[in-house]
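Notes for the one structure printed next.
The values are calculated or read from the model by the stated rules, or taken from the named source; none is laboratory data. Values in this document were obtained by computation on a predicted structure and should not be read as measured data. In this analysis, Cβ positions are derived from the backbone assuming ideal geometry, glycine residues included, and neighbour counts consider all displayed protein chains.
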Amino acid sequence: MKRIFLLLILFLAGLTLNYAQTDSTGTALSPLYLIIKTDGGELIGRILSKDAREVLIETVDQRQIYVPQHMIKQMNLINEKEFNSAGEYVGEDRFATRYFITTNGLPIRKGENYIQWNLFGPDFQFGLGNNVGVGFMTTWLGVPMIGTVKKSFDLGPNTQGGIGLLAGTGSWAAIDAGGVLPFATISFGGRQSNLAFSGGYGLVWADGDSGGRTLLSVAGMTKVGRKISFVLDSFISPSADKGSFALIIPGIRWHQAEGKAFQIGFSGIIADGEAVPFPFPMVQWYRTL
């Protein structure tokens, strides 16, 4: 168990270090744009001139290229934080608000809706604007059905807070069963690298009985390249009389294309003072809507 917590601490320390390094990139390269072409190709450079027919771009290796306007899908201004310590462009993680299970204080931007496909069922998330996001998750059998809502707040430079609620029902299989989980979270960093601390209280009821537990989480992610992010999630339930329980999930997120990612994690369970690896990986697919 000590080794698992040591790995957790080292991983989170790495996230913090990576974020500190990405912040150190100078502003001499600004303004740079990421040019996404209709054929899927990308260019990074300065826009020297443009008209209704074409755009002249000076790339980071100082080549000058004319790109026809009809070949340009998007032109995105690049923030200095999207470069790593070596000066290489890494970019934002499109799904930086989410880990495997938990979330953080970063809001889902308006219009950046997505679905997270799990082996057990779908999870839909929608950005409504004003830093409010809502969602719905269930299994392939429709049991349970859970709605989510989160409101995010900007607490300062590179610091975000959020409050939210999960509420669910047993639906057609157990209409009188249900549960709620109000939570709060604070996160540090941005959409390339972040670290989050969350806490809430889960209450469930069924057949006239109810019970609840405190739930905590430490999670983080860091985008180490154009295609790869490291993700760490945890689900901790401390209890003196009911027995403590912790689920730790380190994993990798592979950004396959714009708006598409594949994520796999390998879980470890700590219960009754013993650490046991979970024999099945957690597999998820992200797709923007």
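Some values worked out for this structure:
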read-out	value
Given (1) under 25 Å from Trp254 (Cα atoms); (2) out of contact with any helix residue (DSSP H, G or I) (no Cβ under 6 Å at 6 or more places or on another chain); (3) not assigned by TED's automatic domain parsing to the domain that holds Gly220, index of the condition Glu58 fails	(1)
Count - residues of segment 125-163 that are out of contact with any Gly (no Cβ under 7 Å at 6 or more places or on another chain) and among the basic types (Lys, Arg)	0
Options Glu42, Glu54; residue that is surrounded by 14 or more Cβ atoms within 10 Å (Cβ to Cβ) and either of a type in the set (Lys, Arg) or more than 24 Å from Glu92 (Cβ to Cβ) (or both)	Glu54
Enumeration of residues in segment 68-127 that are in a strand (DSSP E or B), surrounded by 20 or more Cβ atoms within 10 Å (Cβ to Cβ) and aromatic (Phe, Trp, Tyr)	Phe83, Tyr114
Selection count where residues are farther than 14 Å from Thr139 by Cα and either in a helix (DSSP H, G or I) or among the β-branched types (Val, Ile, Thr) (or both), scope segment 162-176	2
Residue match in segment 269-287 (condition: in contact with a Ser or Thr (Cβ under 6 Å, 6 or more places away or on another chain), closer than 23 Å to Asn79 by Cβ and touching a residue at least 60 places away in the same chain (Cβ under 8 Å))	no
Members of segment 221-253 that are under 19 Å from Glu82 (Cβ atoms) and either in contact with a Ser or Thr (Cβ under 8 Å, 6 or more places away or on another chain) or outside any strand (DSSP E or B) (or both)	Met221, Thr222, Lys223, Val224, Gly225, Arg226, Lys227, Ser229, Phe230, Arg253
Per-region count, segment 247-263, residues surrounded by 15 or more Cβ atoms within 10 Å (Cβ to Cβ) and under 18 Å from Thr102 (Cα atoms)	8
Residue match in segment 166-184 (condition: closer than 21 Å to Arg253 by Cβ and at pLDDT 95 or above)	no
Hits in segment 171-196 (condition: farther than 17 Å from Gly212 by Cβ, surrounded by 14 or more Cβ atoms within 10 Å (Cβ to Cβ) and touching a strand residue (DSSP E or B) at 6+ places or on another chain (Cβ under 7 Å))	Ser171, Thr185, Ile186, Ser187, Phe188, Gly189, Gln192, Ser193, Asn194, Leu195, Ala196
Qualifying residue in segment 140-155 (condition: under 16 Å from the mean Cα position of the chain (by Cα), loosely packed, with under 15 Cβ neighbours inside 10 Å and of a type in the set (Val, Ile, Thr))	yes
